[in-house]
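Novice: Mind looking over this structure? Questions follow.
The values are calculated or read from the model by the stated rules, or taken from the named source; none is laboratory data. Nothing here was measured: the structure is a model prediction, and the numbers come from that model. Using ideal geometry, Cβ is built from the backbone for each residue, glycine included, and neighbour counts are taken over all protein chains shown.
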């Protein structure tokens, strides 16, 4: 029996059900039950549950209702990523077609050069279709998603170019607020696939090359003490890996260091914490070679211990 990610299955030898959320090998899959626990199970010990499917059928495209040009909607293709109502660790991808086009959708995953066709079907105007399911806890090892779309209509409009989009999702893509999706009757993260590319104003671009120094933005004077702890910089820090955190902290450190120099501050304190010393090491490496830095030292040990560095600038 063939199984794929997102299939709702039942164990043959016990009363347990769940979604397939991982392909472990050719004979074994991971099934997440309604309690959110993933269990390795042999495919031979599973059966499909009648009435459940990760990819419900879509009506055939025999005809398309006439739409007046005034009502014709040219854009509005969204990907909704919603948690499963029974297993919150499982998310379902739903393609929402708010346009007046019939969409021919192909979804292929690319996992380090291993390609797999996941979904291919026609999606009618003003409808939606579930196209993929995954385990949100495994987002770091999710494949790249290749979306290909063809747009069709019988209306008197200029043919629209096909769309190909490659998405590599990260935890931060799902750190924002979810929105209520009426067609799904649930809250989901919404990603627009056919978002228009912003047009470049050639005149404004030309003017920017000849902008006088007085029109340049004024760099605000930073505080005397700058806290670089990641929870102070990002609300979604729990979704970031260690390298992303360090890059964010170093970028903010460099921004505040430059701002202090521009505003001719005599000194500034960077609170980096103790931790494993990685952030402190990178900061000391930068300021030790900076031409505008006179010296640096541990700041107020009685207050910060070894968790802060004071930087003194040249006059």
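Novice: Taking the stretch 167-186 as the search range and keeping residues that are outside any loop (DSSP other than H, G, I, E, B) and either at pLDDT 85 or above or in contact with a helix residue (DSSP H, G or I) (Cβ under 8 Å, 6 or more places away or on another chain) (or both), which one is surrounded by the fewest Cβ atoms within 10 Å (Cβ to Cβ)?
Specialist: From the stretch 167-186, those outside any loop (DSSP other than H, G, I, E, B) are 167, 171-174, 179-181, 186; that's our starting set.
In the following step, the residues that additionally are either at pLDDT 85 or above or in contact with a helix residue (DSSP H, G or I) (Cβ under 8 Å, 6 or more places away or on another chain) (or both) were identified as 167, 171-172, 174, 179-181, 186.
Values: 167: 13, 171: 15, 172: 13, 174: 18, 179: 12, 180: 10, 181: 18, 186: 16.
Applying the filter and picking the extreme gives 180.
Novice: I'd like the residue in the stretch 245-287 that is within 26 Å of residue 170 (Cα to Cα) and in contact (Cβ under 8 Å) with a residue 40 or more places away in the chain and, out of all such residues, is farthest from the chain's Cα centre (by Cα).
Specialist: Ranking the qualifying residues of the stretch 245-287, first place goes to 272.
Novice: For the stretch 108-166, enumerate the residues that are over 30 Å from residue 37 (Cβ atoms) and in contact with a helix residue (DSSP H, G or I) (Cβ under 9 Å, 6 or more places away or on another chain).
Specialist: Result: no residue meets the conditions.
Novice: Here is a follow-up. Just checking, does the stretch 58-79 include any residue being under 29 Å from the mean Cα position of the chain (by Cα) and modelled with pLDDT under 90?
Specialist: So in the stretch 58-79, the residues under 29 Å from the mean Cα position of the chain (by Cα) come out as 58, 73-79.
Cutting the leftovers down to modelled with pLDDT under 90 gives us 58.
Scanning the stretch 58-79 turns up at least one residue that is under 29 Å from the mean Cα position of the chain (by Cα) and modelled with pLDDT under 90.
Novice: Mind checking which residues of the stretch 257-272 are surrounded by fewer than 19 Cβ atoms within 10 Å (Cβ to Cβ) and touching a helix residue (DSSP H, G or I) at 6+ places or on another chain (Cβ under 7 Å)?
Specialist: 271
Novice: Please pick out the residue among 87, 134 that is part of a loop (DSSP other than H, G, I, E, B) and within 21 Å of the chain's Cα centre (by Cα).
Specialist: Of the residues listed, the single one that is part of a loop (DSSP other than H, G, I, E, B) and within 21 Å of the chain's Cα centre (by Cα) is 87.
Novice: Additional query: Return yes when residue 235 is over 20 Å from residue 76 (Cβ atoms), at pLDDT 80 or above, part of a loop (DSSP other than H, G, I, E, B) and under 18 Å from the mean Cα position of the chain (by Cα) and no when it is not.
Specialist: Working: over 20 Å from residue 76 (Cβ atoms): yes; at pLDDT 80 or above: yes; part of a loop (DSSP other than H, G, I, E, B): yes; under 18 Å from the mean Cα position of the chain (by Cα): yes.
It is true that residue 235 is over 20 Å from residue 76 (Cβ atoms), at pLDDT 80 or above, part of a loop (DSSP other than H, G, I, E, B) and under 18 Å from the mean Cα position of the chain (by Cα).
Novice: Additional query: For the subset of the stretch 138-160 comprising residues that are touching a residue at least 60 places away in the same chain (Cβ under 8 Å) and not in a strand (DSSP E or B), which member is farthest from residue 24 (Cα to Cα)?
Specialist: 156
Novice: Also: Sort out which residues of the stretch 288-315 are in a helix (DSSP H, G or I) and surrounded by fewer than 18 Cβ atoms within 10 Å (Cβ to Cβ), and write them in order of number. Show your work before the answer.
Specialist: In the first step, residues of the stretch 288-315 are kept if they are in a helix (DSSP H, G or I); the result is 288, 301-304.
Within the stretch 288-315, 288, 301, 302, 303 meet the criteria.
Novice: Can you tell which of 224, 249 is at pLDDT below 95, surrounded by 15 or more Cβ atoms within 10 Å (Cβ to Cβ) and out of contact with any strand residue (DSSP E or B) (no Cβ under 6 Å at 6 or more places or on another chain)?
Specialist: Values: 224 fails: surrounded by 15 or more Cβ atoms within 10 Å (Cβ to Cβ).
Every option except 249 fails the conditions.
Novice: Now for a separate question. With (1) part of a loop (DSSP other than H, G, I, E, B); (2) over 23 Å from residue 230 (Cα atoms) as the list, and residue 275 as the residue in question, which single condition is left unmet?
Specialist: With respect to (1) part of a loop (DSSP other than H, G, I, E, B); (2) over 23 Å from residue 230 (Cα atoms), residue 275 is out only on (2).
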